[in-house]
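The values are calculated or read from the model by the stated rules, or taken from the named source; none is laboratory data. Being a predicted model, the structure only gives us computed values, none of them experimental. FYI the Cβ positions are ideal-geometry reconstructions off the backbone, even for glycines, and counts take in every protein chain you see.
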Amino acid sequence: MIKVVAALIKKEKKILIAKRSTGDSNTLGKWEFPGGKVEPDEDEFHAIEREIKEEFEIIIKANKFITNNICRYPTKTVDLRLYSCKYIEGDFNLHDHSEYKWVKSEEILNYDLAQGDIPLALYIKENNL
């Protein structure tokens, strides 16, 4: 099982999502909560902060674990772990995504989300996060 962390970053009551332009065919061209793989022996809080800096060149602070989703793809199983994060500073510079958007939680399911992100989006919407 591959452990992947995802960031729930909010600004002005909107949530950050990004459209994947590189990587796995299961998520290519899909919208997702940004994040990435946890390295061996890496703390998940550190992993999400590192991944967001690598992918967007912005600084965030991971606050707390929210929920997770075990997603079984044809070639792998992913434990997608969502963390509440605070935007600290930086201007967006995309590396692994073609675009990003700030969306209202009630509108998030209108986007073509990656399979693993759909249950996370439902959780956010149902719990008014």
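Residues are listed down the side, and each one gets a yes or a no for (1) over 20 Å from residue 111 (Cα atoms); (2) modelled with pLDDT of 95 or more; (3) of a type outside the set (A, V, I, L, M, F, W, C):
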residue	(1), (2), (3)
29	no, no, yes
38	yes, yes, no
50	yes, yes, yes
60	yes, yes, no
63	yes, yes, yes
69	no, yes, yes
76	yes, no, yes
80	no, yes, no
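Can you name every residue in segment 30-44 that is part of a loop (DSSP other than H, G, I, E, B) and surrounded by fewer than 22 Cβ atoms within 10 Å (Cβ to Cβ)?
30, 38, 39, 40, 41, 42, 43
Quickly run through segment 89-129 and pick out the residues that are in contact (Cβ under 8 Å) with a residue 40 or more places away in the chain, over 20 Å from residue 4 (Cβ atoms) and surrounded by fewer than 18 Cβ atoms within 10 Å (Cβ to Cβ).
99, 101, 102, 103, 104
Could you check how many residues of segment 22-65 are under 12 Å from the mean Cα position of the chain (by Cα) and among the β-branched types (Val, Ile, Thr)?
3
Return the only residue of 86, 19 being touching an Asp or Glu at 6+ places or on another chain (Cβ under 6 Å), part of a strand (DSSP E or B) and in contact (Cβ under 8 Å) with a residue 12 or more places away in the chain.
Only one candidate passes the filter, namely 19.
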